Amino acid sequence: MVTIGRATVEDAAVVSGIIGEIAAYYGGEDIPGDMDRIEAVLRSDVPGITILLARDDGGVLGLASYSFLWPAAGSDHSLYLKELFVRETARRKGVGAALMAALSKAAANAGCSRVEWTADRDNPSALAFYEALGARQTTGKVFYRVQAA
């Protein structure tokens, strides 16, 4: 049975490993994430970042990280999904759907009007997964990025 729960500082090593797996999935090197930064995020009580882990008896199966944004529609809040990742051995077994359901519940509990995220256009399996959940692509936004000063 899959359970979803918030990551704690005791989960830093597994989160670090998954960050490496995410980099490899997108064509980079499987290099674990910086433990000092991960521990700082997991210790922080700044309400900016939340990491959920999907687990079963065999360990951690996947991760979702999110933040709350304001304003969304009108003066509502939204939950912004930054990363959803399911380990290869756990894919197509309901783990991603369980994480998405937990995100939806977290959004509702926080009074958010919606859950938002981006996905790579060249990741057809992710796009099909999101559409199977009932999500639809939007066309009204353009995604930008600049380096921090």
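The values are calculated or read from the model by the stated rules, or taken from the named source; none is laboratory data. All values reported here derive from a predicted model rather than from experimental measurement. Glycine also receives a Cβ, built like all others from the backbone with ideal geometry; neighbour counts cover every protein chain displayed. Side chains included, ligands, DNA and RNA excluded: accessible areas come from the protein's heavy atoms. Shrake-Rupley method; radii C 1.70, N 1.55, O 1.52, S 1.80 Å.
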Taking Phe143 and the conditions (1) assigned to a helix (DSSP H, G or I); (2) closer than 22 Å to Ala72 by Cβ, which numbered condition does it fall short on, given that it satisfies the others?
-> (1)
Criterion (closer than 24 Å to Ala23 by Cβ and in a strand (DSSP E or B)) met by exactly one of Tyr130, Tyr66 | Tyr66
Enumeration of residues in the range 2-31 that are more than 17 Å from the chain's Cα centre (by Cα) and not in a helix (DSSP H, G or I) | Gly27, Gly28, Glu29, Asp30, Ile31
Conditions: (1) within 26 Å of Ala12 (Cα to Cα); (2) open to solvent by 70 Å² or more (accessible area, probe 1.4 Å). Ala126 meets all but one. Number of the miss?
-> (2)
Is it true that Lys105 is closer than 18 Å to Leu133 by Cα, not in a loop (DSSP other than H, G, I, E, B) and not hydrophobic (A, V, I, L, M, F, W, C)?
-> yes
Would the range 69-76 turn up any residue that is under 15 Å from the mean Cα position of the chain (by Cα) and farther than 23 Å from Ala132 by Cβ?
-> yes
Answer yes or no: is there a residue in the range 139-148 that is among the hydroxyl-bearing types (Ser, Thr, Tyr) and either within 16 Å of Val2 (Cβ to Cβ) or out of contact with any strand residue (DSSP E or B) (no Cβ under 6 Å at 6 or more places or on another chain) (or both).
-> yes
Output for the range 79-93, where each listed residue is open to solvent by 10 Å² or more (accessible area, probe 1.4 Å) and more than 11 Å from the chain's Cα centre (by Cα) | Arg87, Glu88, Thr89, Arg91, Arg92, Lys93
Just wondering, is there one or more residues in the range 31-49 that are among the hydroxyl-bearing types (Ser, Thr, Tyr), surrounded by fewer than 19 Cβ atoms within 10 Å (Cβ to Cβ) and either in contact with a Phe, Trp or Tyr (Cβ under 8 Å, 6 or more places away or on another chain) or modelled with pLDDT of 95 or more (or both)?
-> no
Residues of the range 35-60 being closer than 23 Å to Thr118 by Cβ and touching a Ser or Thr at 6+ places or on another chain (Cβ under 8 Å), in sequence order, are Ile38, Gly48, Ile49, Thr50, Ile51, Leu52, Ala54
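Considering only the range 62-78, state which residues are touching a Leu at 6+ places or on another chain (Cβ under 8 Å), surrounded by 14 or more Cβ atoms within 10 Å (Cβ to Cβ) and either modelled with pLDDT of 95 or more or among the small types (Gly, Ala, Ser) (or both).
Quick first cut of the range 62-78, residues touching a Leu at 6+ places or on another chain (Cβ under 8 Å) only: 62-69, 77-78.
Still in the running and surrounded by 14 or more Cβ atoms within 10 Å (Cβ to Cβ): 62-66, 68-69, 77-78.
Listed by number, the residues that qualify are Gly62, Leu63, Ala64, Ser65, Tyr66, Ser78.
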